[in-house]
Amino acid sequence: MRAIWKGAVSFGLVSIGVKLYSATEEKDIRFHQVHREDGGRIRYKRTCQVCGEEVTYDDIAKGYDIGGGEMVILTDEDFADLPLSTSHAIDVLEFVPAEQVDPILYNKAYFLEPEGTATKPYVLLRDALADSERVAIVKVALRQREQLATLRVREGVLLLNTMLWPDEIRKPDFGFLDEDLKVRPPELAMASSLIDSMAGEFEPDAFTDDYRAALQEVIDAKVEGREVVQPEEVEEAPAAAVDLMAALKASVERAKAARGEAPAGGGGEPTPISAARSAQKKAAEKKAAKAPARKTAEKKAAPKKKAAPKKAAEGEKKPAAKKAAPKKAARKTA
């Protein structure tokens, strides 16, 4: 990793020299804009809207639009007069419980590494901060901007989390907040039961960016010159519309089934899932009941097949007719 900032943590009268490293990195797959015909890179020129000339970075200044088409131009000298441009201090303001910091304020994370002989005071602050079970609220100047941040311990290293200022957090203004919506106690109890049935321990490694993996597969296939065939996703048919309580009950049962848990008590009102299972069970029992009935009918039909030999027994008179044949023969002789 490459240090992006050097300074010191000001902890009371103690100064701890540190280096700042970005603690996170984006894994997004980035693309260049290219000409579809020949793959040539698309370049953008920095041109002045007034004179139309191409401008180099050295001739670019910062402008603040004050409205009415007027612009205030700030140069590097204007920023050089600000105290933050040369300030390399992380000033600890106070220590507060971590739960008091709203996660929406967090912006970007940085690791702090002790520099030179600052290792011992660094470890001292780290251990004291861990024992206090609090986070340090600090101010730091990064990239010509003063930022609010927190210091906490993660895996034996001090972690700086820059934060947004309170006035940078937007206030939600949605119509439903003014509506008088009532949630019935049974619905709330069932929703709580659903939350309990889906409760678990958060393990970040268990989750993956499936879209990025699929996109990387497409890119790899293009490089290797092979065709990418993606199987169609089989979407589950949406369930029939049910009321909120039925949907919650069905969700709880499905969550328990996914965990291999049997429904509690086995009673209560039937849910869409239990009703379907009950119908399948009844159909299976009905089918099983029909099978013995068929076998019994076949057994009863079996004696009818034995009637053929009886007819043969009645036909025993036929030999008597054969005995009469010699008499006829005798008459012919006479």
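The values are calculated or read from the model by the stated rules, or taken from the named source; none is laboratory data. In this text, all values refer to a predicted model and were calculated from it rather than measured experimentally. All Cβ positions, glycine included, derive from the backbone under ideal geometry; neighbour counts span all protein chains shown. Side chains are part of the model used for accessible areas, which takes the heavy atoms of the whole protein and leaves out ligands, DNA and RNA. Shrake-Rupley method; radii C 1.70, N 1.55, O 1.52, S 1.80 Å.
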At 1.4 Å probe size, what's the solvent-accessible area of W165? Round to the nearest 10 Å². 70
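Can you bin segment 104-200 into rounded, prolate or oblate? Criterion: square roots of the alpha carbon gyration tensor eigenvalues sorted a ≥ b ≥ c, rounded for a/c under 1.5, prolate for a/b above b/c, oblate for the rest. Write out the running numbers ahead of the final one.
Numbers: a/c = 4.15, a/b = 1.84, b/c = 2.25.
Oblate, because a/c is 1.5 or more while a/b does not exceed b/c.
Report the full-extension gain for the segment T24 to K139: residue separation times 0.36 nm, less the Cα-Cα distance, to one decimal in nm.
Working: separation 115, 0.36 × 115 = 41.40 nm, distance 2.03 nm.
Going from the current span to full extension adds 39.4 nm.
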Low-density loop cleavage sites - trypsin sites (Lys or Arg not before Pro) in segment 116-164, where at most 15 other Cβ are within 10 Å (DSSP): R143
Other-chain or far-sequence residues with amide H under 5 Å of V135's (modelled H): V96, A98
Can you pull the one-decimal nm distance between simple spin-label points at H35 and L244, each 7 Å off the Cα toward Cβ? 6.0
Per the 1/(1 + (r/R0)^6) rule, R0 = 25 Å and r from the Cβ atoms of V50 and K171, FRET efficiency to 0.05 is 0.05
So for R0 = 45 Å, FRET eff. of K222-L13 from the Cβ-Cβ r, to 0.05, ends up at 0.15
Go ahead and run the numbers for FRET between D59 and R154, Cβ-Cβ distance against an R0 of 51 Å, rounding to 0.05. 0.70
Distance in nm between pseudo-label sites at D196 and D180 (7 Å out along the Cβ direction from Cα): 3.2
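A 22 angstrom limit on the alpha carbon distance is what I want to check against. Which of K19/K108; K27/K171; K19/K120; K6/K27; K182/K256 exceed it?
Exceeds cut-off: K27/K171; K6/K27; K182/K256.
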Wrap a convex hull around the Cα atoms of segment 1-90, take a quarter of its surface area, and give that in square nanometres. 11.6
Once phi for every residue in segment 132-138 is put through the Karplus expression 6.51 cos²θ - 1.76 cosθ + 1.60 (θ = phi - 60°), the whole-Hz ³J(HN,Hα) values, with Gly and Pro written as x, are 6, 6, 10, 10, 8, 8, 10
Sorted by accessible area with a 1.4 angstrom probe, largest first, how do Y122, Y64, Y106 fall? Y64, Y106, Y122
Backbone N within segment 17-32 under 17 Å of label point (7 Å from V123 Cα along the Cβ vector): 17-18
